[in-house]
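Here's the structure, in structure tokens; my notes come after.
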Amino acid sequence: MVRLGPVTAELIYCPSEATAFVVVAALPDVLKVSNIQMAMFTRLEPPTKAIQFSFDGELVNAAEGDTVAAALLAHGVERFRTTPVTGAPRQPHCMIGNCFDCMVEIDGVANCQACLVIAKPGMNVTHQDGPGEMELL
Ligand code: FES
């Protein structure tokens, strides 16, 4: 056990990889609240008017006026799309329509930027694998 400032941690050596890992054994309450919980996407207040839509068949509670991305992040969704080449999971990065990491399928339409679409009751949202299906005109 070692103390790293206010954090208690254990140093574990892995001979097969000749690597040492630091395992945090205990975080002081002040860090649990300020660093860990604030790093996650959480609502500051309960919604005044709630709506519901589905994501991959699961019911999602949202506040009226939420973007689809904000509602899904608040719901704990970690995979909005997967990349076309490696299949790596992606979730929103910029929240302003620049990065395209939030693309989902909404009511059968692929390549929707979830950060730019306001959530509506009854929407059917699914994650998007790869480039998504596009209909050419
Ligand atoms: S989060 Fe970057 S485009 Fe939507």
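Set side by side, the residues Leu73, Leu31, Leu59 differ, and just one is modelled with pLDDT of 90 or more and more than 16 Å from the ligand (Cβ to nearest atom), which is Leu59.
Could we say that Pro47 is surrounded by 14 or more Cβ atoms within 10 Å (Cβ to Cβ) and modelled with pLDDT of 95 or more here? No; evaluated as a whole, the condition is false for this residue. Of the listed requirements (1) within 15 Å of the ligand (Cβ to nearest atom); (2) modelled with pLDDT of 95 or more; (3) more than 17 Å from the chain's Cα centre (by Cα), Lys120 misses just one: (1). Screening Val68 on (1) near the ligand (Cβ under 10 Å from one of its atoms); (2) under 22 Å from Pro46 (Cα atoms); (3) in contact with a Pro (Cβ under 9 Å, 6 or more places away or on another chain) shows it passes everything except condition (3).
Restricting attention to the stretch 123-136, the residues being within 16 Å of the ligand (Cβ to nearest atom) and loosely packed, with under 15 Cβ neighbours inside 10 Å number 1.
The values are calculated or read from the model by the stated rules, or taken from the named source; none is laboratory data. Please read these numbers as outputs of a predicted model, since none were measured by experiment. Please note: Cβ atoms are built from the backbone with ideal geometry, for glycine as well, and neighbour counts cover all protein chains shown.
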